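The values are calculated or read from the model by the stated rules, or taken from the named source; none is laboratory data. The structure presented is a predicted model; accordingly, all values stated were derived computationally and were not measured. Every residue, glycine among them, receives a Cβ derived from its backbone with ideal geometry; neighbour counts consider all protein chains shown. Quick note on the areas: whole protein, heavy atoms, side chains included, nothing else; ligands and nucleic acids left out. Shrake-Rupley method; radii C 1.70, N 1.55, O 1.52, S 1.80 Å.
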Amino acid sequence: MIEATELSRSFRVTRKSGRRLRRIREEVVAVRSVSFTVEAGEAVGYIGPNGAGKSTTIKMLTGILVPTSGRVRVCGLDPSRQRIDLARRIGVVFGQRSQLWWDLPLAESFQLLRHIYRTPPSDHAERLEECTELLGLKGFLTTPVRQLSLGQRMRGEVTAALLHAPELLVLDEPTIGLDLESKQRLREFLAELNTRRRTTLVLTTHALDDIERLCRRMLVIDRGRVLADGPLERLRVEVGLERTLVVDLERPTAPLRGLAGVVEVRTETDGRRQRLSFQADRTTAAALITAVARQAPIHDVSVVEPEIDDVVRRLYARGPTTAEHPGRFDAPNDVLRAP
Amino acid sequence: MADAVTSFGTYRHLVAAQVRGQLSYRSSFVLNCFGQMLAQCTDLVVILVLFSRVASLGGFGVRDVLLIYSLAGLSFGLADLVVGSIDQLPTFIRTGEFDVVLLRPLGTLAQLAASDFQLRRLGRVITALGVLGYVLSTSDLDWTVARVALLVVTPLAGMVIFSSIFVAASSVCFWFIDSRELANTVTYGGSYFTSYPITVFTGWLRTFLAYVVPGAFVAYYPALVLIGRADPLGAPTWLCSVSPVVALLSALGAATVWRRAVRHYRGTGS
């Protein structure tokens with residue numbers, strides 16, 4: 001669906017130098033040799049801090065910006081050369097920019113989009129009905145867009161991007177500024193779209209819970225480079241963060257000792273509950289449970305995964321991998337292995 | 001070509017939606033339209049005042065000047081109606097809304113022209129038509145087929161020329177965002193220039209506004225042919241009737257500039 005090879009983009013900026021009116025021209029590299037592929041039907045979270053190059057990448061994928069160098073194919077098309085053909089096959093939602101007509105009622109914006117994309121009326125009606133139902137648009141279809149709340153507008157934007165049945169939906173910060181309930185609703189809708197309709201999703205976000213709920217794969221970018229690429233669970237392991245096994249024991253017990261792979265033991269309620277932080281690459285939860293059971297009778301167990309925020313923080317702290325092809329999804333061994 | 005036709009179909013829908021919106025505020029629409037009619041009248045007043053003091057302007061009488069004025073006003077008014085919303089371009093660029101334009105399966109220029117269609121701009125057209133009607137109905141011109149054809153073609157060619165000027169001048173915004181004032185000197189300046197016989201102006205200003213910005217072909221030359229007069233500046237007769245060709249060339253030129261500007265925005269040109 002998406003194939004990016006050594007994709008780079010730099011901008012020329014002029015800035016004033018200290019004295020007089022002399023100006024200096026500078027090259028600022030926004031995206032630096034980024035390579036990744038996204039298969040049809042995937043849901044990929046593209047994350048990174050402000051200025052990491054997320055939006056620039058999205059703009060190159062959608063044909064708004066022409067790459068400085070490198071190659072990119074979306075739906076088999078060259079976005080910058082075949083912008084109009086590509087536009088018919090993808091949908092794009094910008095969280096901070098509206099694609100609707102400010103003064104027109106939502107329903108009328110949708111009608112205009114039908115003409116713009118030349119969608120057959122019956123297909124259009126069917127998809128509109130589906131979105132209206134799933135996103136609960138009914139109450140404000142006749143309201144001018146400028147009078148909608150942010151959450152309502154966002155649901156409208158997503159509908160607008162889907163009416164022409166795109167194969168790929170790109171969302172740039174879709175949940176920004178939304179309240180919890182709207183976020184939740186949007187995420188559920190997108191997850192459903194991905195599993196039921198097999199629409200490929202790529203979304204950039206600051207909100208890591210978006211990724212947690214929606215994306216099986218995450219692509220982390222910083223300063224124009226891919227830092228990591230893979231399923232969230234695997235990144236958790238590879239980044240070396242400890243998982244925690246929480247065991248509730250039958251009776252108060254002294255802190256457990258001599259468990260292989262356990263780095264830290266914390267006890268609560270007189271040792272009735274013990275939290276064992278363990279390194280996932282040295283032992284498994286199952287092995288640990290067996291080992292604990294040998295020392296004391298277990299009442300209940302649960303495993304706590306490290307927070308996604310911690311994973312990402314760890315990734316940034318570590319900087320780009322020195323592997324030859326950073327961020328290549330099909331080469332798991334050179335991703336995130338400490339040198 | 002087929003693409004242009006379907007694009008036009010979409011343009012029509014976009015425009016129609018905005019017109020519906022504007023007509024829903026009826027009184028404000030009427031007022032705005034009236035304002036535009038008045039704006040066009042100010043030039044008319046200037047001409048009438050001048051002629052209350054002098055008998056001829058650049059060698060032309062009041063009726064001839066009014067003919068030129070109305071043909072120019074009609075051309076400008078129509079162009080303003082069709083592509084006038086392109087003066088929103090700096091806002092589109094600054095707010096990043098131009099990205100949204102690039103995401104749609106339509107030409108960028110058509111989308112921008114349709115982005116802020118204002119029916120009130122019809123006001124200028126109405127004034128110009130009124131003056132033209134008055135001048136022609138009180139003239140003793142012999143209405144041959146050629147004259148009638150010329151009368152129909154002239155405003156259309158003039159509209160294309162003005163539209164091209166609008167587009168080319170606005171394209172500068174892609175390089176310098178705050179260049180609207182610069183664009184206005186050739187658009188509104190051009191409108192002012194074309195309302196008078198070019199004999200009124202002299203030197204480089206005349207050369208620039210008559211031929212570089214092809215203002216002389218909007219109303220002056222066609223008016224000469226209409227009233228059957230030779231150019232006092234000695235332009236050959238054929239030059240006076242090539243406005244449609246000039247219009248076509250202007251359109252091609254403007255399209256090239258626009259394409260280049262958009263390419264610059266997207267990043268290859270810089």
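A few comments on the model shown:
- Each Cα pair under 8 Å and six or more residues apart adds its sequence gap; the mean of these over the residue count of chain B is a relative contact order of 25 percent.
- For the protein assembly as shown, the residue among B:Thr187, A:Leu259, A:Leu235 whose Cα projects farthest onto the positive side of the dipole built from Cβ charges is B:Thr187.
- Each residue of the stretch B:105-119 is assigned a 3J(HN,Hα), and the resulting list reads x, 9, x, 5, 5, 4, 5, 5, 4, 8, 5, 9, 5, 10, 5 Hz, derived from the Karplus form 6.51 cos²θ - 1.76 cosθ + 1.60 (θ = phi - 60°), x at Gly and Pro.
- Close amide-amide hydrogen proximity is noted between A:Arg216 and A:Ala43, each under 5 Å apart and 5 or more residues distant or on a separate chain (H modeled in the peptide plane; Pro and chain starts excluded).
- Complex-versus-alone comparison for the stretch A:82-100, residues with a loss of 50 Å² or more in accessible area, probe 1.4 Å: A:Arg83, A:Arg97, A:Gln99
- Kirkwood Rh and Cα Rg combined as Rg/Rh, chain A: 1.07
- Shielding by partners, peptide B:96-102 (average Cβ within 10 angstrom, other chains): 6
- Ordering A:Val292, A:Ser277, B:Cys240 by Cα displacement along the dipole of the protein assembly as shown toward the positive end leaves B:Cys240 in first place; charges were set at the Cβ atoms of Lys, Arg (+1) and Asp, Glu (-1).
- Accessible area of chain B belonging to carbon and sulfur atoms, whole % at 1.4 Å probe: 68 percent
- Percent of beta bridges antiparallel (DSSP, the protein assembly as shown, rounded to nearest 5): 70 percent
- Each Lys and Arg Cβ is given +1 and each Asp and Glu Cβ -1; about its Cα centre, chain A then shows a dipole of about 1680 debye.
- Restriction of the trypsin sites (Lys or Arg not before Pro) in the stretch A:214-310 to DSSP coil positions whose beta-carbon has at most 15 other beta-carbons within 10 angstrom yields A:Arg216, A:Arg257, A:Arg272, A:Arg282.
- Amide proton proximity set for A:Arg225, modelled H, under 5 Å, gap of 5+: A:Arg32
- The packing ranking, built from the mean of other Cβ atoms within 10 Å per residue, places the peptides A:48-57, A:195-204, B:39-48 in the order A:48-57, A:195-204, B:39-48, highest first.
- Amide H contacts under 5 Å for A:Ala280: A:Arg243, restricted to partners 5 or more places along the chain or on a different chain, H placed in the peptide plane at 1.01 Å from N.
- Dipole magnitude (debye, nearest 20) for the protein assembly as shown, charges at Cβ of Lys, Arg, Asp, Glu: 1340 debye
- Among the residues of A:115-127, the average count of other protein chain beta-carbon atoms within 10 Å of the residue beta-carbon is 2.
- Chains B and A together bury some 2400 Å² of accessible area, summed over both sides, with a 1.4 Å probe.
- The residues of the protein assembly as shown expose, per residue, 47 Å² of accessible area to a 1.4 Å probe.
- Under the Karplus curve 6.51 cos²θ - 1.76 cosθ + 1.60, θ = phi - 60°, whole-Hz ³J(HN,Hα) for the stretch A:73-83, x wherever Gly or Pro sits: 10, 10, 6, x, 10, 8, x, 6, 8, 10, 3
- Candidate cross-link partners of A:Lys183 among the aspartates and glutamates, defined by an alpha-carbon separation under 12 Å and a same-chain spacing of 8 or more, comprise A:Glu173, A:Asp209, A:Asp210.
- Ordering of B:96-108, B:242-254 by packing is B:96-108, B:242-254, highest average first (other Cβ atoms within 10 Å, averaged per residue).
- Sites matching GluC sites (Glu not before Pro) across the stretch A:236-297 that sit in DSSP coil, with at most 12 neighbouring C-beta atoms within 10 Å: A:Glu250
- Surface share of carbon and sulfur [accessible, 1.4 angstrom probe, percent] for the stretch A:1-127: 46 percent
- Chain A, relative contact order in percent, only Cα pairs under 8 angstrom and at least six apart counted: 18 percent
- Helix-derived mean residue ellipticity, 222 nm - over the protein assembly as shown, DSSP H n ≥ 4, -39500 (n - 2.57), to 500: -15500 deg cm²/dmol
- Shown in residue order for the stretch B:243-249 are the 3J(HN,Hα) couplings computed by the Karplus curve 6.51 cos²θ - 1.76 cosθ + 1.60 at θ = phi - 60°: 3, x, 5, 4, 4, 4, 5 Hz (x for Gly and Pro).
- Looking at the stretch B:109-172, the chymotrypsin sites (Phe, Trp or Tyr not before Pro) that sit in a DSSP loop and have at most 14 other Cβ atoms within 10 Å of their own Cβ are B:Trp143.
- Computed over the stretch B:25-264, Cα set: Rg, Dmax in Å: 18.4, 57
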